[in-house]
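Participant: One structure, pasted below without further comment.
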Amino acid sequence: GAGSALTILPIANMIHSSGYQATFFWFGLLQGAIIIAAAFFLRAPQKEQVKASTKVLQSRRDYTLKEALQTPVFWVMMVMFICTVSGGLMAVAQLGVIAHDLGVKEAPISLFGITMAALPFALMLDRVMNGISRPLFGFISDHIGREATMFIAFTFEGIGILMLSRFGHDPIMFLILSGMVFLAWGEVYSLFSATSADTFGTKHAAKIYGVLYCAKGVAALLVPLGNLLMEATGTWATVLYICATMDLIAAFCAIAVLRPMLRRHHARNAELAARQGAGGLAVQPGH
């Protein structure tokens, strides 16, 4: 996220001067202390403090993890999650290699009064864009719906990856387009978590999203395949085209597959709630 933008250069400098072990130890200790201190100021909101959205369909019941895993919509979200997160993980893991192959790794860039080599400049900008994307697209999804926002973001990411493969040889374009890709990638962690809670309720949201988040681990296993494909073809273009295609497939699925599935899912929940309510009214006179 955006917070890591502040630590890229200090960590790189400390690794150069003190080595990986000392750097990881001290930065890990510092970050752990900050997280523990911040945890004392967090609390879960009471149910009455959370306003129900009038623009986003939300579950009227709380699913257990077992019940969620038995629904087709969960696995559709899992596949979409894998498709969209793969391209971003590939970019995170291989951005330096991609920049080197595109010939822009050490190219100087002057922007906003700052002059820096293209790669570290892109890494800093990408972290900022990654952090901005989560509240930005979360805010948008609260107003136009999760699936519509997914369609916009995933399409944006797919186009950004395609343009990066085509125009990334220019240092400025490499900087702008990598930022564009990360802006459209970071939102997956806010959109899928929100969609999961909307679909399956909030009581077991952490467990259900925890399993859904395994999509990131599955996607990480695809990163080495990108290296093998690059070695076989001699170019990153094929890898980037595949990642872009996966994003565009996920964008299509958000509207054509996920949206109707969620509508049927919520309609069934509403029908079940209505039946239970009618049953409760029917037995009241006998009390």
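The values are calculated or read from the model by the stated rules, or taken from the named source; none is laboratory data. These numbers were taken from a predicted model, which means no experiment stands behind them. Positions of Cβ are generated from backbone atoms using ideal geometry, with glycine treated the same way; all protein chains shown enter the neighbour counts.
Participant: Only one residue in 55, 105 is within 19 Å of residue 177 (Cβ to Cβ) and among the charged types (D, E, K, R), so which one is that?
Facilitator: Going through 55, 105 in turn, the sole match is 105.
Participant: Any idea which of 131, 145, 158 is under 13 Å from residue 179 (Cβ atoms), of a type outside the set (A, V, I, L, M) and in contact (Cβ under 8 Å) with a residue 60 or more places away in the chain?
Facilitator: Checking each option against the conditions leaves just 131.
Participant: If only one of 202, 195 is surrounded by fewer than 21 Cβ atoms within 10 Å (Cβ to Cβ) and at negative phi, which one is it?
Facilitator: Just a single option satisfies the conditions, and that option is 202.
Participant: Still on this structure: Looking for whichever is assigned by TED's automatic domain parsing to the domain that holds residue 67, touching a residue at least 24 places away in the same chain (Cβ under 8 Å) and not aromatic (Phe, Trp, Tyr) here; the options are 222, 177. Which one fits?
Facilitator: The conditions single out 222.
Participant: OK, next. Would you point out the residue of region 30-41, among those that are surrounded by 10 or more Cβ atoms within 10 Å (Cβ to Cβ) and over 25 Å from the mean Cα position of the chain (by Cα), that is farthest from residue 7 (Cα to Cα)?
Facilitator: Only one residue tops the list, namely 33.
Participant: Moving to a separate point now. Anything in region 110-129 that is part of a strand (DSSP E or B) and under 14 Å from residue 12 (Cβ atoms)? List them, or say none.
Facilitator: 116, 117
Participant: Counting only residues that are part of a helix (DSSP H, G or I) and in contact with a Phe, Trp or Tyr (Cβ under 6 Å, 6 or more places away or on another chain), which one in region 136-174 is surrounded by the fewest Cβ atoms within 10 Å (Cβ to Cβ)?
Facilitator: The residue in question is 173.
Participant: Before we move on, is residue 259 surrounded by fewer than 14 Cβ atoms within 10 Å (Cβ to Cβ) and modelled with pLDDT of 85 or more?
Facilitator: In short, no.
Participant: Would you be able to say whether some residue in region 232-241 is within 20 Å of the chain's Cα centre (by Cα) and over 20 Å from residue 122 (Cβ atoms)?
Facilitator: Within region 232-241, one or more residues are within 20 Å of the chain's Cα centre (by Cα) and over 20 Å from residue 122 (Cβ atoms).
Participant: Separate question: Report yes if some residue within region 210-228 is in a helix (DSSP H, G or I), within 30 Å of residue 60 (Cβ to Cβ) and more than 14 Å from the chain's Cα centre (by Cα); otherwise report no.
Facilitator: Yes, region 210-228 has at least one match.
Participant: Take region 229-241 and flag every residue that is hydroxyl-bearing (Ser, Thr, Tyr) and assigned to a loop (DSSP other than H, G, I, E, B).
Facilitator: Once the filter is applied, which keeps residues that are hydroxyl-bearing (Ser, Thr, Tyr) and assigned to a loop (DSSP other than H, G, I, E, B), region 229-241 yields only 235.
Participant: Only one of 31, 94 is modelled with pLDDT under 90, assigned to a helix (DSSP H, G or I) and closer than 30 Å to residue 239 by Cα. Can you tell me which?
Facilitator: 94
Participant: In the list 190, 133, which residue meets the criterion of being in a helix (DSSP H, G or I), touching a Gly at 6+ places or on another chain (Cβ under 6 Å) and surrounded by 21 or more Cβ atoms within 10 Å (Cβ to Cβ)?
Facilitator: Criteria check complete, one pass: 133.
Participant: Given the criteria assigned by TED's automatic domain parsing to the domain that holds residue 82, surrounded by fewer than 16 Cβ atoms within 10 Å (Cβ to Cβ), modelled with pLDDT under 90 and not acidic (Asp, Glu), does residue 127 qualify?
Facilitator: Answer is no for this residue.
Participant: Next question. Return yes when residue 110 is crowded, with 18+ Cβ neighbours inside 10 Å, farther than 30 Å from residue 274 by Cβ and polar (S, T, N, Q) and no when it is not.
Facilitator: No, not satisfied.
Listed here are the residues, each with its yes/no results for (1) polar (S, T, N, Q); (2) part of a helix (DSSP H, G or I); (3) exposed (fewer than 14 other Cβ atoms within 10 Å of the Cβ); (4) modelled with pLDDT under 90.
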| residue | (1), (2), (3), (4) |
| --- | --- |
| 14 | no, yes, no, yes |
| 48 | no, yes, yes, yes |
| 67 | no, yes, no, no |
| 73 | no, yes, no, no |
| 82 | no, yes, no, no |
| 90 | no, yes, no, yes |
